[in-house]
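The values are calculated or read from the model by the stated rules, or taken from the named source; none is laboratory data. Note that this is a predicted model, so its numbers are computed, not measured. Counting neighbours? That spans all protein chains shown, and the Cβs are built from the backbone with ideal geometry, glycine included. Accessible surface areas use protein heavy atoms only, side chains included; no ligands, DNA or RNA. Shrake-Rupley method; radii C 1.70, N 1.55, O 1.52, S 1.80 Å.
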Amino acid sequence: MTLLSLSQIGKRFATGTQALDRLSFDIPAGQFVSLLGPSGCGKSTALRLAAGLLEPDAGTVTYPDGKPETAFVFQEATLMPWADALANARLPLDLKRVPRAEANRRAEESLARVGLKGFERAFPRELSGGMKMRVSLARALVARPKLLLLDEPFAALDEITRQALGDDLLRLWRED
């Protein structure tokens, strides 16, 4: 089953930069797929198109079985500085108006799955870079997405943290 299909995608930005030209690929359900290429080749643009955050100038983005629940983890943590880890992780459920008790339970579970049990009340300023990325990952996972898009979320981290988060991500993928 194909979850997502990009066909002959083209994207040019207002600056004149041609980010993508005739890019095509399919993502089957249940697969772990990586986009590889040098900096500036359009990987982030392709992910933003897949998530529906951008519109292509050419080609089509299709979801053969309807648009799946999608989550996006950006290169930076993009956390709300005024909210604790629990509220940051709970955000997608709050936006869907999930009852607070259930949303809190799922956010706590999601934080625990990424190794942050006991840090639910910590604010972003109190967390390390790796912990902030774990909150971002927990926020993405709390909605139980069928399509999880990650835009180099571990690139700015030290090697040990990057390896640990990569291992955690593979474990979570196998579990789900």
Coarse-grained scattering of the chain at q = 0.08 Å⁻¹, given as base-10 log I(q)/I(0) from a Debye sum over alpha-carbon atoms = -0.27
Once the Cα atoms of helix 100-113 and of the chain are each reduced to a long axis, what angle between those two axes, in degrees from 0 to 90 to the nearest 10, is obtained?
-> 80
Which lysines, on any chain, are close to Lys96 with Cα under 27 Å apart, when same-chain ones fewer than 8 places away are left out?
-> Lys67, Lys117, Lys132, Lys146
Counting only protein heavy atoms and using a 1.4 Å probe, what share of the accessible area of the chain belongs to carbon plus sulfur, as a whole percent?
-> 53
Given a Förster distance of 35 Å, the FRET efficiency implied by the Cβ-Cβ spacing of Thr60 and Glu159, rounded to the nearest 0.05, works out to 0.35
Is the stretch 41-109 rounded, prolate or oblate when judged by the Cα gyration tensor, a ≥ b ≥ c being the square roots of its eigenvalues, rounded requiring a/c under 1.5 and prolate requiring a/b larger than b/c?
-> oblate
Quote the accessible area belonging to Asp158 in square angstrom, nearest 10, computed with a 1.4 Å probe and with ligands, DNA and RNA left uncounted.
-> 90
With DNA, RNA and ligands ignored, accessible area of Ser34 (1.4 Å probe; Å², nearest 10) = 80
Between the helical axis of 159-175 and the dominant principal axis of the chain, each derived from Cα atoms, what acute angle in degrees is found, rounded to the nearest 10?
-> 80
Among chymotrypsin sites (Phe, Trp or Tyr not before Pro) in the stretch 9-71, those in a DSSP loop whose Cβ has at most 11 other Cβ atoms within 10 Å are Phe13, Phe32
Sparse-neighbourhood loop hits (chymotrypsin sites (Phe, Trp or Tyr not before Pro), the stretch 74-176; DSSP loop; Cβ within 10 Å at most 15 others) -> Trp82
For Thr70, Thr78, Thr15, the accessible-area ranking with a 1.4 Å probe, largest leading, is Thr15, Thr78, Thr70
For the chain, what is the calculated [θ] at 222 nm in deg cm²/dmol (nearest 500), taking -39500 (n - 2.57) for each run of four or more DSSP H residues and dividing by its residue count?
-> -11500 deg cm²/dmol
For the chain: accessible area per residue (Å², 1.4 Å) | 56
